[in-house]
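Structure first, then comments.
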Amino acid sequence: MRTWKDRMRHSTRGLGFVALVLIVAAIFGALEPRFLSYVSLNGIARHMAANGLAALGLTFVVIVRKFDLSIAGVAAFCAMSMGALIAAGWPLWSVILAGLALGAVIGGISGIAISRFGLPDIVTTIAVGSIGTGLAFIYTGGRSIFQNFFTSGITDLNDAKLMGLGVSMWLLVAIYALAWFVLSRTRTGLAFYATGENPMAAHFSGIATRRFVALAYVLCAMCTVLAVLLILAESGTAETNKGANLMMPAYAGVFLGAAIMGGTSVIASFGGILLITMLLDGFALMGLPYYYSDGVVSLILLIGVLAFSDGARGTLEALRFLFWPQKPTAKGSDA
Amino acid sequence: MGAPVLIASDVCKRFGPVQALRNVDFRLEPGEVHALLGINGAGKSTFIKILSGALQKDSGTIRIGGEDVHFRAPEDAIRAGIATVQQHPELVPDMSGLDNIFLGRETASRSLMGRIDREALEARADALLARFAVPIDLSQEVGQMSAVEREAVAILQAIAVDGIRVLILDEPTSTLTDVEREDLFALMNQLRAQGIAIIYITHQLEEVFAIADSFSVFRGGACVARMSVDEARSSGVSLADLMLGEAVGDIFPKKADPDARGDVFLEVRDLSLTHGFENVSFTAHRGEILGLFGLVGSGCDELAKSIFGVDPPDQGEIRIHGKPVSLRKPREALDAGIFLVPGDRRTEGLALSRHSLFNVPMANLRRAAGGRWGLKSRQLRSDIQRLTDQVALHPPHLNTPASGFSGGNQQKIVLAKGLYSEADIYIFVEPTVGVDIGARAKIYGLMRDLSERAAVIVVSSDCDEVHGVADRTIALHKGRHVEPESGVFSRDDLLMAGIMGKGSL
């Protein structure tokens with residue numbers, strides 16, 4: 001699908017990304033040697049798995065040019081629901097399936113409200129998210145659920161390793177590979193992108209744009225469920241505030257990745273979430289209080305997106321023009 | 001005529017390896033309407049952008065009223081007295097015409113809290129309207145206005161600044177009907193009478209003789225000719241030849257042999273849509289191009305979209321290859337073998353920020369995936385390469401976003417998309433709006449080639465286009481179809497049928 005020139009440009013951006021990751025790692029490593037330890041890297045991988053799944057779901061929504069602000073609420077409600085089912089003694093696999101189904105239903109409600117009935121995406125998902133946050137309290141009134149957690153096997157998702165890598169990381173890689181294949185190698189992927197680029201032209205091309213918008217919300221909610229499942233596995237309890245910390249990294253990862261890679265894609269989100277997770281964990285390790293680190297990472301996100309945006313490049317050009325009003329080589333261009 | 005209001009000499013502009021303008025000399029007299037002609041890519045847009053401050057020249061001089069000027073931004077050009085109306089003027093649809101005209105300069109005070117003095121504003125508007133008596137209601141919302149009224153609002157907005165001496169109009173007539181065009185010309189005549197010189201870009205050569213005093217022809221980045229309309233008329237020079245640099249024949253392809261007409265591919269019987277059209281019936285055959293002429297508001301556009309399933313008809317029957325079908329959405333129409341080349345390619349046809357590889361297969365993703373799920377990338381690429389060659393996409397870059405092409409070449413991408421979808425009924429709506437003459441000839445030629453295996457329907461508000469390219473024509477007037485009494489429409493009969501609703505004079 002690409003010419004070699006395009007590949008070059010793409011791989012240059014990719015190389016830049018790798019360089020950026022190495023630089024961030026080197027800086028943190030220099031400031032805090034523990035950052036590069038096995039334990040810390042393992043932690044980054046685990047956190048990246050949870051953050052990355054949420055970011056992947058969001059990637060679909062951003063590709064169809066919408067927003068989903070219900071991630072935290074969906075995560076909270078589904079976390080408590082899965083926790084309640086574990087406590088009720090359901091086998092783990094059925095808990096996961098039930099969680100995914102619940103997520104699909106919630107995502108479907110947002111998606112249909114937005115695509116079919118034309119409700120504004122931001123308002124709708126804030127509302128759905130808030131409802132989710134409220135519903136998270138119906139099981140225990142806000143108390144945490146931990147019964148059966150250690151016998152259910154859910155903690156294996158956090159602890160078990162396969163060839164030296166945590167299973168959660170394998171899960172992440174597998175689902176990203178699947179999403180990459182769908183979005184960049186199938187007609188479904190083309191239809192997703194076409195829906196976002198120009199819904200009218202896509203409709204005139206026979207693409208069921210509404211269906212793809214709704215589907216994006218369903219996939220986003222289901223990915224969010226998987227993300228919060230990993231958080232439950234790590235902490236060994238279900239609490240109503242689980243998932244509150246999923247939204248910011250997800251947005252930061254998707255948009256920083258898109259800014260650096262020049263467009264929203266699965267690969268961009270993967271790189272973006274890696275960078276964001278390294279920053280979050282690095283700051284945490286250095287003792288920066290959590291209430292600052294979100295702010296710092298968000299600031300980095302803004303700077304990153306700005307630095308790679310066309311608008312910023314135009315401003316830089318204008319600044320250059322202010323200092324050197326004319327190109328030294330052009331002759332007689334000024335009066 | 002006095003001293004020229006604007007003189008450009010030796011203006012050069014280069015974009016990377018492309019020399020967009022080479023040593024352009026240009027002169028504009030006060031109070032003249034000066035047409036700027038040239039095919040897409042000839043450099044006229046670049047030149048206009050330099051005059052309006054959107055681009056900076058590399059070298060050369062521009063003098064306004066005898067003074068050298070150098071524009072770094074559009075504001076500089078406006079301050080020097082050059083106002084520009086873009087091809088698609090940016091107006092706020094929810095605000096009234098009046099508010100649009102004074103948007104951003106409601107008060108003399110520059111503070112954010114400056115109060116808007118409605119009375120003073122209306123007084124200024126009255127003063128403006130006293131100079132230019134446009135018959136439009138400026139208290140209407142722009143979104144409710146017709147195309148020509150919006151154009152008039154955009155022009156008033158441009159000249160509402162004091163000291164405007166030059167007005168640049170970039171293809172103002174491309175979306176106007178013949179009647180609306182006359183209204184615009186009347187406004188231009190008033191501006192001319194006030195001493196404002198107008199630079200006027202158009203692809204419609206007959207307009208040059210209708211409104212302009214003089215014209216310049218751009219070709220290959222240079223201004224190759226400047227003459228007055230009288231000179232051109234008396235010398236009988238062909239504007240199309242000047243633009244292309246070589247003698248061009250008729251831009252329309254040969255008509256089909258009536259004996260070669262094939263089966264009926266599409267039959268429409270008594271089709272109606274509320275607020276669209278009523279009891280429209282026609283047949284389209286393989287081997288011929290059917291022309292459908294109608295002014296804006298005649299229901300032509302609605303009819304085309306209705307057949308394509310965008311807005312399904314309320315009543316009537318559509319038969320494809322003799323079988324009645326019910327098409328509720330574009331997907332069903334595409335599956336039934338209909339492809340619509342939409343009238344507004346920028347919003348309905350293309351993902352502008354994406355390249356041809358993305359746009360061309362969009363209407364037939366099943367083919368792109370070879371009937372399966374995963375895309376057949378290599379096959380896809382070679383198919384698209386072949387199609388873009390076939391439509392003569394220029395420049396032939398598969399990876400350039402659609403927005404990077406001229407209007408004519410964007411239309412060629414839509415055409416390639418149509419070819420890729422392998423339909424056997426093609427409906428073209430306003431196929432050559434904003435398309436230069438070279439690309440137009442190519443597009444008409446492609447329609448003719450297509451008609452050999454498919455039924456081709458051309459829907460247009462350009463009577464000459466419909467008459468020139470189609471083998472058989474009908475007109476649509478106020479939602480009703482008008483057929484010729486004697487079997488075939490002459491050009492004038494077709495025009496009358498579209499404007500008056502009569503079958504013959």
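Data table
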| read-out | value |
| --- | --- |
| Degrees, to the nearest 10: B:407-420 long Cα axis against longest axis of chain B | 20 |
| Counted charge near A:Ile114, where neighbours are those whose Cβ lies closer than 10 Å (Asp, Glu -1; Lys, Arg +1) | +1 |
| Proximal lysines to B:Lys44, defined as alpha-carbon separation beneath 16 angstrom and excluding residues fewer than eight positions away on the same chain | B:Lys13, B:Lys57 |
| Lys/Arg +1, Asp/Glu -1 at C-beta; the protein assembly as shown dipole; positive extreme among A:Gly189, B:Gly31, B:Ser421 | A:Gly189 |
| Cross-link partners of B:Lys376 among lysines (Cα-Cα below 26 Å; sequence separation of 8 or more within a chain) | A:Lys5, B:Lys412, B:Lys417 |
| Listed residues B:Asn399, B:Pro89, B:Gln410: farthest to the positive end of the dipole of chain B (Cβ charges) | B:Asn399 |
| Size of charge dipole - the protein assembly as shown - debye, nearest 20, with Cβ of Lys, Arg +1 and Asp, Glu -1, no other charges | 3320 |
| Area projected by the alpha carbon convex hull of the range A:15-62, averaged over all directions, nm² | 4.1 |
| Order of exposure, largest accessible area first, which applies to B:Glu206, B:Glu430 with probe 1.4 Å | B:Glu206, B:Glu430 |
| Relative contact order of chain B, defined on C-alpha pairs under 8 angstrom at six or more residues apart (%) | 15 |
| Using alpha-carbon coordinates, inclination of helix A:290-308 to the longest axis of chain A, degrees | 30 |
| Heavy-atom SASA rank of A:Ile300, A:Ile207 (probe 1.4 Å, accessible area, largest first) | A:Ile300, A:Ile207 |
| Cβ-defined net charge surrounding B:Glu302, 15 Å radius [Lys, Arg +1; Asp, Glu -1] | -4 |
| All lysines inside 20 Å of B:Lys502 as judged from Cα atoms, apart from same-chain residues fewer than 8 positions distant | B:Lys478 |
| Residue of A:Val305, A:Val39, A:Val128 that the Gaussian network model of chain A assigns the largest fluctuation, springs spanning Cα pairs under 10 Å | A:Val39 |
| Candidates A:Leu36, A:Leu183, A:Leu246, ranked by Gaussian network fluctuation over chain A, Cα under 10 Å, top entry | A:Leu36 |
| Taking the range A:1-139 and dividing mean pair separation by its residue count, relative contact order in percent (alpha carbons under 8 Å, at least six apart) | 28 |
| Most fluctuating residue given options A:Trp170, A:Trp93, A:Trp180, as computed from a GNM of chain A linking Cα atoms under 10 Å | A:Trp93 |
| Loop-located trypsin sites (Lys or Arg not before Pro) in the range B:286-394, at most 12 other Cβ atoms within 10 Å (DSSP) | B:Arg328, B:Arg372 |
| Chain B: angle of helix B:118-131 to the longest principal axis, Cα-based, in degrees nearest 10 | 80 |
| Radius 13 Å from Cβ of B:Tyr200, net charge of other residues (Lys, Arg +1; Asp, Glu -1) | -3 |
| Å² per residue, accessible surface of the protein assembly as shown at 1.4 Å | 44 |
| Cα centre as origin, Lys/Arg/Asp/Glu Cβ charges: chain B dipole, Debye | 2140 |
| The range B:216-322 - percent relative contact order, Cα under 8 Å, separation 6 or more | 24 |
| Whole-number D in µm² s⁻¹ for the range B:395-505, Kirkwood Cα-pair radius fed into Stokes-Einstein, 20 °C, 1.002 mPa s | 140 |
| Magnitude of the charge dipole, the range B:322-469, Cβ model with Lys/Arg +1 and Asp/Glu -1, debye to 20 | 800 |
| Heavy-atom accessible surface that A and B bury in contact, both chains counted, 1.4 Å, Å² to 100 | 3100 |
| Among A:Tyr291, A:Ile267, A:Ala72 the positive-end extreme of the charge dipole of chain A (Cβ point charges) | A:Ile267 |
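The values are calculated or read from the model by the stated rules, or taken from the named source; none is laboratory data. Everything numeric in this text was worked out from a predicted model, so none of it was measured. A quick note on method: Cβ atoms are made from the backbone with ideal geometry, for glycine too, and the neighbour counts reach across all protein chains shown. These area figures cover heavy atoms from the full protein model, side chains too; ligands, DNA and RNA do not enter into them. Shrake-Rupley method; radii C 1.70, N 1.55, O 1.52, S 1.80 Å.
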